[in-house]
Amino acid sequence: MANRTYDLLGQVQAAHQFDHDSLFRYASVHVPGFPSSAASTFTVKQFGHGQSNPTFLLEVGNGGSVKRYVLRKKPPGKLLQSAHAVDREYQVLRALGEHTEVPVPKVFCWCMDASVIGTDFYIMEFLEGRIFMDPKLPGLAPERREAIYRETAKVLAALHSVDVDAIGLGKYGRRDNYCKRQVERWTKQYIASTGDSRYPSNPKMLELARWLQQHIPSEDSSGEGIVHGDFRIDNVVFHPIEDRVIGILDWELSTLGNQMTDVAYSCLAYIVDINHENQQVGKGFELTRIPEGIPSQAEYLAEYCSASGKPWPAAVWKFYISLAMFRGAAILAGIYSRWLMGNASGGERAQNAGKQANELVDSAWAYIARKSVLPNHPPPDPVARDYMKQFGGGNESGRLVPSVKVLKLRNKLIKFMEDHIYPMENEFYKLAQSSSRWTVHPEEESLKELAKKEGLWNLWIPFDSAERAKKLLFDESSRMVSNGEHDQFLGAGLSNLEYGYLCEIMGRSVWAPQVFNCGAPDTGNMEVLLRYGNKEQLLEWLVPLLQGKIRSGFAMTEPQVASSDATNIECSIKREGDSYIINGRKWWTSGAMDPRCKVLIVMGKTDFTAANHKQQSMILVDIQTPGVHIKRPLMVFGFDDAPHGHAEVVFDNVRVPAKNILLGEGRGFEIAQGRLGPGRLHHCMRLIGASERGMQMMVQRALSRKAFGKLIAEHGAFRSDVAKCRIELEKTRLLVLEAADQLDRLGNKKARGTIAMAKVAAPNTALMVLDTAMQVHGAAGVSSDTVLAHLWATSRTLRIADGPDEVHLSTIAKLELRRAKL
């Protein structure tokens, strides 16, 4: 199991004592929020983990409250040149903390005045979380182990993706020839550490240095970005209950250079086991037995390479691992040397470091002698592997198995959600509940631009619709967009089934779909234009919608009739010369409140005397047209969904050009049926994502809250409920995917029965899961402090807005009875 950060504390070692009163006076002045009262209690404890720069917990009590900080300082005594540079730690932590999303503790102050406590030091925030001292992660369930390793690889990739020039670290170190300089540096450090007759140099270590110098990869001559220098799982703090990193620690060796050295160092546990208890270096778990759930070294590397964009390192991996062991041996030799001098901060553990250094050198030579250390090509992505198992039973040719292309998009989408959407949810909600709620948060527009750059824009567009648009819009005579830009705006060429795997991820947040230009009603309206619009209509309205410059609304439902039966519509669209005059009242016109909404697709009747299904037409209406009156926003279980909104709209003698009619008079019902296919199935896909969000929150809550003497997760009633939710969710997901697949293969008409089933099952499953999640959260579940209530309200609404359950059930029953007659 993991150690809580607070559990790693002990009394301050005698060699590291300093003046507490002097430190208190300094901190009171230089640390924001640090209590300054003389009545405050002040205690100092030392962290026992780590043998380099001594690290201490500062606890300040004042009026019943306790504040905690961490101090990190240079060790006392004579030090090796350039070692223990705590000033560099402070510099890199401050730059990363202020300018990136890389998780690091916040730093408060840096002190160079040795008169305060005897050495340079800095003070940072205390992170309450978990540190996994044993890379085998004993005591964790297999799926948690995999999540921990996957998160570790992603965080390292995020660090390596930082633009050092943009955050002021461009001169933090030389970027070129990093490995060459590392070999030279650690050789000098090793020789300096073993100069004492009590600890002579190991000839194999010096021979290893020469081998490394002869095998430095050619890529080392070019510069890269930031290198942590000591990245491993026990230098990472995880959230107390969630499997996500909240802080990377121990930056003493950080610089700029060859980042693959970080990756190799983080992989050492696969190769060697540096066990401080039995005082020896053994074989790593890839050479003995990988604990269940932990990915193989190749799978861990594939996760990192996928997230960072780095090439597969098989050809040079032997060098990087050997360099990591070489450096590890030099560090251990330094620790042992300081122990001999009496100033190592690792206590008794430091006493065995010299012996372990020599054993690590032997392990490096054994690794060099191996014939093969990595496969020539990366293994399947871990997410791809999971989905192969889930959707194809391990058979890659299964009908519902997503392609590699889709899995890559899914990975990017998940990362985008984790990095940008979830962290912004509270900010979006704050604006939506303020007096300025009918305005757009500027960050939303920024995220839309980022989504375009990431290739996550307009993913919903079916490939057949995209092909029609290309022929109409981007022929040789059209120069309306720059070269290649139309490909981005027309999506990734996905089928409905392929999009289903992605749309589910977006459904986990009510704010996500519009960021990717995949939100309703815009997708349905764009689909109408893509399938039924002429070139002039596409140029005027579709192009800005595809570009995300405007939004739209769909006006069909009317307050005075049962609008689920489209033949009841009473809004009139009357032809007068070159215009149509529109009169009627609509409500639940979603999107009409949005300040970016520029066009409405209005359904009304052009001929009240025609056959029932030939009376309706659809027409494009500029929302600024005289006579269009936005009367009020409507509430959905208390949510007005600002700034998007659901409006009541009155059309009072609204005159629009006759050219705005879609497909022709009397074709509205036909268009509506076409719109009911792909666009409406998107709601089902998003509901699966909402259900997954509810499952995740439910389980996390149950694992962190106690009731009647034990965790909620330990109660039989909860276990029964969560199991039933998972069963229903998996059944519904497969039904939705089957519907999407039939839509692709058979078309809307033949797939309508399965689509109807999905439309009934998806919202009801989401309501079941979200209701259980709210019950587990208690009062918090029905409050606005979590997303559960909003997700529930949206899901319940879709039992009507996505076509009433009764209509879908009738369709299913009719098809079933027809089948029986055959």
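The values are calculated or read from the model by the stated rules, or taken from the named source; none is laboratory data. Everything numeric here is computed off the predicted structure, so don't read it as measured data. Heads up, the Cβs are rebuilt from the backbone with ideal geometry, glycines too, and the neighbour counts pull from every protein chain shown. These area figures cover heavy atoms from the full protein model, side chains too; ligands, DNA and RNA do not enter into them. Shrake-Rupley method; radii C 1.70, N 1.55, O 1.52, S 1.80 Å.
Quick check: from the Cα gyration tensor, does segment 186-287 come out rounded (a/c under 1.5), prolate or oblate? Before the final figure, lay out the partial values.
Working: a/c = 1.82, a/b = 1.27, b/c = 1.43.
Taking the square roots of the gyration eigenvalues as a ≥ b ≥ c, segment 186-287 is oblate.
Given a Förster distance of 45 Å, report the FRET efficiency between K405 and E444 from their Cβ-Cβ distance, rounded to the nearest 0.05.
The calculated FRET efficiency here is 0.95.
Counting each DSSP H run of 4 or more residues in the chain as -39500 (n - 2.57), what helix-only mean residue ellipticity at 222 nm follows after dividing by all residues, to the nearest 500 deg cm²/dmol?
Working: 28 runs with 362 residues, N = 822.
My calculation for the chain gives -14000 deg cm²/dmol from helical runs alone.
For L494, what accessible area in Å² do you get when you roll a 1.4 Å probe over the heavy atoms of the protein chains, rounding to the nearest 10?
Accessible surface of L494 is approximately 0 Å².
Using the structure shown, select from K136/K371; K415/K598; K453/K598; K452/K631; K731/K759 the pairs with a Cα to Cα distance greater than 23 angstrom.
Details: K136/K371 26 Å; K415/K598 32 Å; K453/K598 25 Å; K452/K631 34 Å; K731/K759 13 Å.
Listed pairs above 23 Å: K136/K371; K415/K598; K453/K598; K452/K631.
List, in order, the whole-Hz ³J(HN,Hα) value for each residue of segment 508-523 obtained from phi through the Karplus relation with A = 6.51, B = -1.76, C = 1.60 and θ = phi - 60°; use x for Gly and Pro.
6, 9, 5, 8, 6, x, 5, 5, 9, 6, 10, x, 7, x, 4, 5
Want the number for Q214 to E540: 0.36 nm per residue separation, take away the alpha-carbon distance, what's left?
Working: separation 326, 0.36 × 326 = 117.36 nm, distance 6.42 nm.
Answer, rounded to one decimal: 110.9 nm.
For a label point 7 angstrom out from the Cα of Q433 toward its Cβ, which stretches of segment 775-813 have the backbone nitrogen within less than 16 Å?
Once the point is set 7 Å along Cα→Cβ of Q433, 779-793 turn out to lie under 16 Å by backbone N, inside segment 775-813.
Go through I800, I461 and list them by solvent-accessible area, largest first, probe radius 1.4 Å.
On the way: I800 115, I461 0 Å².
Listed by decreasing accessible area, they come as I800, I461.
Rolling a 1.4 Å sphere over the protein heavy atoms, what is the accessible area per residue of segment 497-637, to the nearest Å²? List each step's numbers first, then the result.
Working: 4910 Å² over 141 residues.
Value returned for segment 497-637: 35 Å² of accessible area per residue.
Counting only the backbone N, which residues of segment 563-594 are under 12 Å from the spot 7 Å out from the Cα of H629 toward its beta-carbon?
Output list for this probe position: 584-586.
Listed here are the pairs K430/K706; K412/K549; K67/K106; which of them are more than 19 Å apart at the Cα? Show your work: numbers first, answer last.
Working: K430/K706 30 Å; K412/K549 24 Å; K67/K106 14 Å.
From the list (K430/K706; K412/K549; K67/K106), the Cα-Cα distance tops 19 Å for K430/K706; K412/K549.
What distance in nm separates the simple spin-label points at L734 and E425, each placed 7 Å from Cα in the Cβ direction?
So the label points at L734 and E425 sit 2.9 nm apart.
What are the residues whose amide H is under 5 Å from the amide H of A647, where those residues sit 5 or more places off or on another chain and H is modelled from the backbone?
Result for A647 returns W588, T589, S590, G591, A592, M593, L634.
Specify which labelled value, from (1) 27.9, 89; (2) 31.5, 108; (3) 33.6, 126, agrees with Rg and Dmax of the Cα atoms in Å derived from the coordinates of the model shown.
Given (1) 27.9, 89; (2) 31.5, 108; (3) 33.6, 126, the calculated one carries the label (2).
Can you list the aspartates and glutamates whose alpha carbon sits under 19 Å from that of K310, skipping same-chain ones fewer than 8 residues off?
E151, D163, D176, E219, D220, E224, D262, E299, D381, E454
Roughly how many percent of the accessible protein surface of the chain is carbon and sulfur, given a 1.4 Å probe and a whole-percent answer?
That share works out to 51 percent.
Given the protein chains as shown and a 1.4 Å probe, how many square angstrom of L746 are accessible, to the nearest 10?
80
If you stretched the chain out fully between L746 and L340, how much longer would it get, using 0.36 nm times the residue separation minus the C-alpha to C-alpha distance? Let's see the in-between values first.
Working: separation 406, 0.36 × 406 = 146.16 nm, distance 7.77 nm.
That pair, L746 and L340, stretches by 138.4 nm at full extension.
Taking a ≥ b ≥ c as the square roots of the eigenvalues of the Cα gyration tensor of segment 95-243, is the shape rounded (a/c under 1.5), prolate (a/b larger than b/c) or oblate? Intermediate results must be reported in sequence, preceding the final value.
Working: a/c = 1.42, a/b = 1.29, b/c = 1.10.
Rounded is the answer for segment 95-243, as its axis ratio a/c remains below 1.5.
At a probe size of 1.4 Å, how large is the accessible area of S564, to the nearest 10 Å²?
Accessible surface of S564 is approximately 80 Å².
I want to check the label-to-label distance for L817 and S161. Put each point 7 Å from Cα in the C-beta direction and report it in nm to one decimal.
Each label point lies 7 Å from its Cα, and together they span 5.5 nm.
Using the Karplus equation 6.51 cos²θ - 1.76 cosθ + 1.60 (θ = phi - 60°), what ³J(HN,Hα) coupling, rounded to whole Hz, does each residue of segment 552-568 give in order, writing x for Gly and Pro?
Working through the residues one at a time gives 9, x, 10, 10, 10, 5, 10, x, 8, 9, 6, 7, 5, 9, 4, 6, 7 Hz.
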